[in-house]
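For reference, the structure discussed in these notes is given below.
The numbers here are math on the coordinates, done by the rules we state, and not lab data. These numbers come from a predicted model, not from an experiment. All Cβ positions, even for glycine, are placed from backbone atoms using ideal geometry, and neighbour counts span all protein chains on display.
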Amino acid sequence: MRAVVVQAAGRFAVCEVATPAPGRGQALVRVKASTVCGTDQKIFAGQFPGTRFPHIPGHEFAGEVVELGEGVDEVRPGDRVGVEVHVGCGRCARCLEGLYQLCLNYGRAEKGHAHIGFTVPGGLAEYVAIDVRALHGRLHADAGGDALLLAAVPTQ
């Protein structure tokens, strides 16, 4: 698949990379719409401390579910979804208070945290394997119409 890859601060390219496979609790989403905002510019410039290079950015996107990982029954192939940028670990004090965007396990994927487009690959790619907790809208394929929900509006 093709993706924007930030190779180092100030250096990025559109590259061919392996299409990710969805893991347990994930869905593979075909990106249908994406945007770049001011925060992405900071990532490109190497000014966001949680991002490690090489990296696929993009946290404002929407798409269609095309494949399911093990244990996923919240969505199905063909569902159209918007993507939320934060997935908390679900276990720390902040997550248990509902403040998952302030997760104490920030940047620790092994603990269940994901900051999509920042600490894990984002939506400036053709496909993203993403935790189903980040998927919203969930317009089922049989809902009809051409509505596509955006995860967020452009901020710049």
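Observations, loosely collected:
- Among residues of the stretch 81-123, those that are among the hydrophobic types (A, V, I, L, M, F, W, C), assigned to a helix (DSSP H, G or I) and either in contact with a Phe, Trp or Tyr (Cβ under 8 Å, 6 or more places away or on another chain) or closer than 17 Å to Ile56 by Cα (or both), counted: 1
- Subset of the stretch 31-41 [under 25 Å from Gly112 (Cβ atoms) and surrounded by fewer than 17 Cβ atoms within 10 Å (Cβ to Cβ)]: none
- Scan of the stretch 30-80 for residues that are among the small types (Gly, Ala, Ser) and not in a loop (DSSP other than H, G, I, E, B), ordered by number: Ala33, Ser34, Gly38, Ala62, Gly63
- Set side by side, the residues Val66, Val31, Val83 differ, and just one is in contact with a Pro (Cβ under 8 Å, 6 or more places away or on another chain) and under 17 Å from Glu126 (Cβ atoms), which is Val66.
- Search result, residues across the stretch 1-30 that are surrounded by 15 or more Cβ atoms within 10 Å (Cβ to Cβ) and without any contact (Cβ under 8 Å) to a residue 60 or more places away in the chain: Val5, Val6, Phe12
- Enumeration of residues in the stretch 29-42 that are within 15 Å of the chain's Cα centre (by Cα) and more than 16 Å from Val87 (Cβ to Cβ): Arg30, Val31, Lys32, Ala33, Ser34, Thr35, Val36, Cys37, Thr39, Asp40
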